Amino acid sequence: MSYSVPRLPEERDGDFSPQGRDGSSGWPLWEVFIRQRRGMSHIHAGSLHAPDGEMALQSARDVYTRRGEGVSLWVVRSSDITASDADEADSLFEPTADKPYRDATFYQVPTEVEWL
Amino acid sequence: MTDRHRGEARFEALLAAEEKVEPPDWMPDGYRKTLIRQIAQHAHSEVIGMQPEANWISRAPTLKRKAILMAKVQDEAGHGLYLYSAAETLGITRDEMMRLLHEGKHKYSSIFNYPTLSWADIGCIGWLVDGAAITNQVMLTRCSYGPYARGMVRICKEESFHQRQGFEIMATLSRGTPAQRQMAQDGLDRWWWPSLMMFGPHDSASTHSRQSMEWKIKRVSNDDLRQQFVDMTVPQAEYLGLAIPDPDLRWNAERGHYDFGEIDWDEFWAVVKGNGPMNRERIAHKRAAWEDGAWVREAAAAYAARRRDAVA
Ligand SMILES: [Fe+2]
Ligand SMILES: [Fe+2]
């Protein structure tokens, strides 16, 4: 298929050693967030390597905003992000399912009552 | 149930539900390795693909064409970066991918091992090569691996500009002087078959394809994608008044598709194995650019260290 390369018979997979993601000649990885318009939140756009935050911002501008994608950029060291554990997603997010009374649709409103 | 079994069950369930697999999820080793190989080589293709086009930046016929070509080449650099980031989420480093490319252990799309001999070749790359890439990449926006699929959405938005500017170059040449028309035809003659080769071997000869389809990395087979591309492109060539260099090409009303001739598979494998017209030059140029840029990387790191020290 295009932009991928057919396998040669002698080719083997896995000719690499996983080393984590900080590894572009020692430059740490940064996550890039873009505010598309004033009034909106910054949304994750991707990541890049840079030696420090200032240079990460400059690269983020070139890599992620070539077509007016935003009016503001954040860069955050990837290693500074604390993420929830995918294996615990069930126990973390499941409890909301048995609390339907947290939704407005749970309640019956008499049709003759307005503004509710 | 062991962790591995639980992970496996969740992985299968995600695929079945058409949900995306994300970096922290458990995934089979083969799935991870297939993706690393595919995404890294896709990234290398974007990066090496800048070379044949950059070859014409200084000789673009007008200032407008020059600005457009620079913007396109810059986009391709961006595509490479989005994809390297996506590959890194699977546990390979950027440096490792560079090393594998420079040592010839990772390849890139063979299409970039053909030379750009005339300005019409820049038209052909945009129209045919980006056109073929779009056919494939639109499919990949539905790939089961989240970071790759998201990268593809961003890339596809930018690709349509690439294809249109290429088609416009071809349209301008084919409405020009007889010599310009001839240049356009000559470009099509040289780029048509390599463009069809971009879709890879026949399905019958592509054993890994089936596994990729099961993992929902690949959603459409090589031959089906190639047919899609031919069906879209033939009427465009007719509009340009250019002849596609294939005596077997004809509309098949029964199938509702164009029939077309057989690819020269000997040429295909020769180029994949490193014996195309430009294989050696492309890698030599890439390595030289990496080595010549070493001082920039060192200076940037030194500057960052000095600023850190000043703060501390
Ligand atoms: Fe691209
Ligand atoms: Fe492109």
Quiz item: Which residues, if any, in the stretch B:77-96 have at least 40 Å² less accessible area in the whole protein complex than in the isolated chain, probe 1.4 Å?
Solution: B:82, B:85, B:88, B:91, B:93, B:94, B:95, B:96
Quiz prompt | Accessible area expressed per residue, chain B, with surrounding protein chains retained (probe 1.4 Å, Å²) | solution = 45 Å²
Quiz prompt | Kirkwood Rh, angstrom, the stretch B:76-216 [1 / mean 1/r, Cα pairs] | solution = 16.9 Å
Exercise. Quantify how strongly other chains surround peptide B:194-205 by giving the mean number of their Cβ atoms within 10 Å of each of its Cβ atoms.
Key: 2
Quiz item: Over what distance in Å are the Cα centres of the stretch B:5-34 and the stretch B:89-119 separated?
Solution: 27 Å
Exercise. With springs connecting C-alpha atoms under 10 Å apart, model chain B as a Gaussian network and identify which of B:41, B:236, B:137 has the largest mean-square fluctuation.
Key: B:236
Exercise. Enumerate the whole-percent occupancy of each 10 Å bin, from 0 to the last occupied one, for all C-alpha pair distances of the stretch B:1-94.
Key: 15, 32, 23, 16, 10, 4, 1
Exercise. Project the alpha carbons of chain B onto their principal axes and report the range along each, largest first, in whole Å.
Key: 66, 56, 33
Quiz prompt | Residues in the stretch B:109-146 occluded by at least 40 Å² - accessible area, probe radius 1.4 Å, against chain by itself | solution = B:136
Quiz prompt | Rg(Cα)/(2.2 N^0.38 Å) for the stretch B:144-281, N = residue count | solution = 1.20
Quiz prompt | Relative contact order [Cα under 8 Å, 6+ residues apart], chain B, whole percent | solution = 18 percent
Quiz item: Ignoring ligands, DNA and RNA, how much accessible area is buried between chains A and B, both sides summed, with a 1.4 Å probe, to the nearest 100 Å²?
Solution: 4300 Å²
Quiz item: Points 7 angstrom from Cα along the Cβ direction at residue A:77 and residue B:186: gap in nanometres?
Solution: 5.7 nm
Practice problem: Please work out the C-alpha center-to-center distance from the stretch B:135-176 to the stretch B:246-309 and express it in whole Å. | Solution: 16 Å
Quiz item: Could you state the per residue volume, in Å³, of the convex hull enclosing the Cα atoms of the protein assembly as shown?
Solution: 235 Å³
Quiz item: Given a 1.4 Å probe and every protein chain left where it sits, what share in percent of the accessible area of the protein assembly as shown is carbon and sulfur?
Solution: 54 percent
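Taking only DSSP H segments of four or more residues, each worth -39500 (n - 2.57), what value at 222 nm results for chain B once the sum is divided by all its residues, to the nearest 500 deg cm²/dmol?
The per-residue figure over chain B is -21500 deg cm²/dmol.
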Quiz item: Which order do B:27, B:70, A:40 take by accessible area at a 1.4 Å probe, largest first?
Solution: B:70, A:40, B:27
Quiz item: For peptide A:47-53, how many partner chain Cβ atoms fall within 10 Å of a residue's Cβ, on average?
Solution: 6
Quiz item: Which lysines have a Cα lying under 30 Å from the Cα of residue B:218, excluding residues fewer than 8 positions away in the same chain?
Solution: B:20, B:33, B:72, B:105, B:107, B:157, B:273, B:286
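The values are calculated or read from the model by the stated rules, or taken from the named source; none is laboratory data. Model, not experiment: these values are computed from the prediction. Neighbour counts run over all protein chains shown; Cβ positions are idealised from the backbone, glycine included. Note: areas computed on protein heavy atoms with side chains; ligands, DNA, RNA excluded. Shrake-Rupley method; radii C 1.70, N 1.55, O 1.52, S 1.80 Å.
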